[in-house]
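Every number in this text was worked out from the coordinates using simple rules, so none of it is lab data. Just so we're clear, the structure is a prediction, and the values are computed from it rather than from any experiment. Neighbour counts run over all protein chains shown; Cβ positions are idealised from the backbone, glycine included.
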Amino acid sequence: MKKIAALFLDATDRADWREALSEVAELVCLTVDGDLASALGAFRDSGADAGFGVIMLSAQLYPEAYPELVVRLRALCPAAEFLVISREAGAPPLRSLLADRIRHLTISAKHELPGGERLPAVIAMLAQRRPWDTASCLKTGTPVHSFELGSSEDKEEVIGALERVLAGQGDDMELLRQKASLLADELMENAMYGAPRASHGAPMFNKGEKRQMLPQEVIVFSFGFDGETLALNLTDNWGSLEPDQVLECLTRNADGYQDADECGGRGLFIVWRFLDQFHVSVQPGRRTAVGGQLHLASMLDPTAPRGFHIIEEEIAA
């Protein structure tokens, strides 16, 4: 695996992430300490010419302290995947990530929930540019249920199956069922009505109309629940989303633009807001997968910032 770089504001910032990054191999850690030119020199000397696979930036360092940082790093490593790592209180503005085309954001609490995102696993995923695995955040042996949709009328049956897997008593379980039903509905609606596009880019179907899947169309909804973490994933074979389009959609909705729905659908924004971690992987023109995980113990308000990973998969030759 290619080397990984992590840049921090200062020694205190670096120490805050030491434990989370302790298992990452081939990691080069640098601190700016008020001297960006020297830090970039050290970055070049540490192997930038060979190419880093992933470059991590602390949110204390970027974008507020050094807004020009990504432009300068991308000039040195144009093929690297950029990941901003942040604590809950310091999440960066999406418009800065959009401007610099940063498709990966991890927001970590000091004490992670069960099934929460672990940085070593995230870095391995980004370095290999592979899609998120639904089972990766679930306990070993947890069954993953998959349903291929044949028509729009299958949606209620799938949501019913999801609710049965989430059987249980208590306010937390009831809230999880409600969130899960909303997320499943939005994911399937997006795939059935937002993804199918004609050659000129216009939607092929009106939202809400009854429809059958086309002969070559494949839409699969998958989910698993291990008693603590719910994982959801919706895959279609349209591949009509572009990676930067996803980030633009999130940003414009977050900023309250009136025309935000035109950039790819408010449904994606709703899904992002209700999941604890949001994943999108795209093979343009071939495949789109949207999903993520939600924890039973999650106390995140829908308005709180969330992380995301938007991967453009490498297509095998």
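Here is how the numbers come out for the structure above:
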read-out	value
Ascending count of other beta-carbon atoms within 10 Å, so fewest first, for Glu313, Glu209	Glu209, Glu313
For Met213, Met56, Met299, Met173, order by how many other beta-carbon atoms lie within 10 Å, fewest first	Met299, Met173, Met213, Met56
Descending Cα extents along the principal axes, segment 153-295, whole Å	49, 38, 26
Around Ala59: net Lys/Arg minus Asp/Glu count, Cβ-Cβ under 10 Å	-1
Rounded to 10°, Cα long-axis angle of helix 36-45 versus longest principal axis of the chain	80 degrees
Local electrostatic count, Pro305, Cβ distance below 15 Å [Lys/Arg +1, Asp/Glu -1]	-2
Length released on extending from Ala297 to Glu228, taking residue separation times 0.36 nm less the Cα-Cα span	24.1 nm
Choice from Gly291, Gly267, Gly227 showing the highest fluctuation, given a GNM over the chain with Cα pairs closer than 10 Å	Gly227
Where only C-alpha atoms are counted, convex hull volume of the chain per residue in Å³	145 Å³
Inter-label distance, nm, simple model (7 Å from Cα along the C-beta direction), Arg286/Ala91	3.2 nm
Set of lysines near Lys3 by C-alpha distance (under 23 Å), chain-local residues within fewer than 8 positions excluded	none
Set of segment 1-22 residues, backbone N closer than 20 Å to the point 7 Å along the Cα-Cβ line of Ala42	3-22
Neighbourhood net charge (15 Å Cβ-Cβ; Lys/Arg +1, Asp/Glu -1) for Gly141	-2
HN-Hα J in Hz across segment 183-188 - Karplus 6.51, -1.76, 1.60, θ = phi - 60°, x for Gly and Pro	5, 4, 4, 5, 5, 5
Nearby lysines by direct alpha-carbon distance to Lys210 (threshold 25 angstrom, same-chain neighbours under 8 apart not counted)	Lys155, Lys179
Using alpha-carbon coordinates, inclination of helix 119-128 to the longest axis of the chain, degrees	80 degrees
Cβ-based exposure ranking for Arg164, Arg211, Arg177, Arg130, in which fewest neighbours within 10 Å come first	Arg164, Arg130, Arg211, Arg177
DSSP beta bridges in the chain [antiparallel fraction, %, rounded to 5]	55 percent
Span from the segment 215-239 Cα centroid across to the segment 28-50 one, whole angstrom	41 Å
Computed lengthening from Ala15 to Asp133, 0.36 nm per intervening residue step minus Cα-Cα distance	39.5 nm
Qualifying trypsin sites (Lys or Arg not before Pro) in segment 4-77, DSSP loop, other Cβ atoms within 10 Å at most 14	Arg18
